[in-house]
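Working notes, structure below.
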Amino acid sequence: MVGWRLRLAAGVASATLALLPLSTWAIDNPDAPDLAAAFEVRAKHYEARVAAAAGGGPELSVALAEYAKFLDQELNAAYAGAHARLGAAGKADLRAAQRRWLAWRDAEGAFIDGQWTQSTAGSSYLLTRALARAAPVRERTLSLLRYLRELPPAADK
């Protein structure tokens, strides 16, 4: 009695897992430029500079500041691109989501600053703190760029 239920559940799970990739492939637009990959290439320059200066000193502060500025500019450009392609309702939704994300980012930054101090993390606290603050901005930028790739052209709005 239990055997057929187990086989049925396994069959349903297998079919679901087998079809799952099809749903993700269906939304990909192979003709759209890969903005996320292009961002990754641009980011590597700044990330390499941070890694090269990781030993400390003024070079590290400069590299971290330039990386943060780069990420902020990229985030703003990705947001503007996605925003431009949306209709009125989509723009309002994206604006609300971005405001909530910014509030979360600021709260996360305050948490990071409170946890990674010189007394708790030693001499690497500035590097650790800056990279922990940069990670969510980098990920949000990638998310917006992926959305942008899938949104219809602005002419439709």
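The values are calculated or read from the model by the stated rules, or taken from the named source; none is laboratory data. The shown structure was predicted, so the numbers you read here are calculated from the model rather than taken from an experiment. All Cβ positions, glycine included, derive from the backbone under ideal geometry; neighbour counts span all protein chains shown.
Scan the range 61-99 for residues that are aliphatic (A, V, I, L, M) and touching a helix residue (DSSP H, G or I) at 6+ places or on another chain (Cβ under 7 Å) and jot them down.
Selection gives A63, L64, A68, L71, L75, A78, A82, A84, L86, L94.
Condition check: surrounded by 12 or more Cβ atoms within 10 Å (Cβ to Cβ), closer than 26 Å to D31 by Cβ and β-branched (V, I, T). Does T128 satisfy that?
The answer is no for T128.
Within the range 44-63, track down each residue that is free of Cβ contacts under 8 Å to residues at least 12 places away in the same chain and among the hydrophobic types (A, V, I, L, M, F, W, C). Full working, then the answer.
First, pick out the residues of the range 44-63 that are free of Cβ contacts under 8 Å to residues at least 12 places away in the same chain: 44-45, 48, 51-53, 55, 57-59, 62.
Of everything in the range 44-63, those that are free of Cβ contacts under 8 Å to residues at least 12 places away in the same chain and among the hydrophobic types (A, V, I, L, M, F, W, C) turn out to be A48, A51, A52, A53, V62.
Looking at the range 117-133, is at least one residue closer than 18 Å to L86 by Cα and among the small types (G, A, S)?
no
Considering (1) within 27 Å of D31 (Cα to Cα); (2) at pLDDT 95 or above, say which one D156 fails and leave the rest.
(2)
Count, please, the residues in the range 131-157 that happen to be under 21 Å from Y46 (Cα atoms) and either loosely packed, with under 12 Cβ neighbours inside 10 Å or among the aromatic types (F, W, Y) (or both).
1
Within the group E139, E59, which residue is charged (D, E, K, R), out of contact with any Pro (no Cβ under 7 Å at 6 or more places or on another chain) and within 27 Å of A32 (Cβ to Cβ)?
One residue alone meets the criteria, E139.
Can we say L94 is under 20 Å from R133 (Cβ atoms) and among the hydrophobic types (A, V, I, L, M, F, W, C)? Explain how you work it out, then say what you get.
Numbers: under 20 Å from R133 (Cβ atoms): no; among the hydrophobic types (A, V, I, L, M, F, W, C): yes.
In short, no.
Could you figure out which of (1) loosely packed, with under 11 Cβ neighbours inside 10 Å; (2) touching a residue at least 40 places away in the same chain (Cβ under 8 Å) isn't true of V41?
(2)
With the condition kept exactly as written, say whether any residue in the range 18-31 is surrounded by 10 or more Cβ atoms within 10 Å (Cβ to Cβ), modelled with pLDDT of 95 or more, out of contact with any helix residue (DSSP H, G or I) (no Cβ under 6 Å at 6 or more places or on another chain) and more than 18 Å from L145 (Cβ to Cβ).
There is no residue in the range 18-31 that is surrounded by 10 or more Cβ atoms within 10 Å (Cβ to Cβ), modelled with pLDDT of 95 or more, out of contact with any helix residue (DSSP H, G or I) (no Cβ under 6 Å at 6 or more places or on another chain) and more than 18 Å from L145 (Cβ to Cβ).
For the range 102-120, does any single residue satisfy the condition of being out of contact with any Lys or Arg (no Cβ under 9 Å at 6 or more places or on another chain), crowded, with 17+ Cβ neighbours inside 10 Å, over 22 Å from A54 (Cα atoms) and of a type in the set (A, V, I, L, M, F, W, C)?
No: zero hits.
Anything in the range 70-100 that is under 16 Å from L142 (Cα atoms), loosely packed, with under 14 Cβ neighbours inside 10 Å and not hydrophobic (A, V, I, L, M, F, W, C)? List them, or say none.
Across the range 70-100, the qualifying residues are D72, Q73, N76.
Any residue at all in the range 96-116 that's more than 15 Å from the chain's Cα centre (by Cα) and in contact (Cβ under 8 Å) with a residue 40 or more places away in the chain?
Within the range 96-116 (the criterion being more than 15 Å from the chain's Cα centre (by Cα) and in contact (Cβ under 8 Å) with a residue 40 or more places away in the chain), the answer is no, since none of the residues qualifies.
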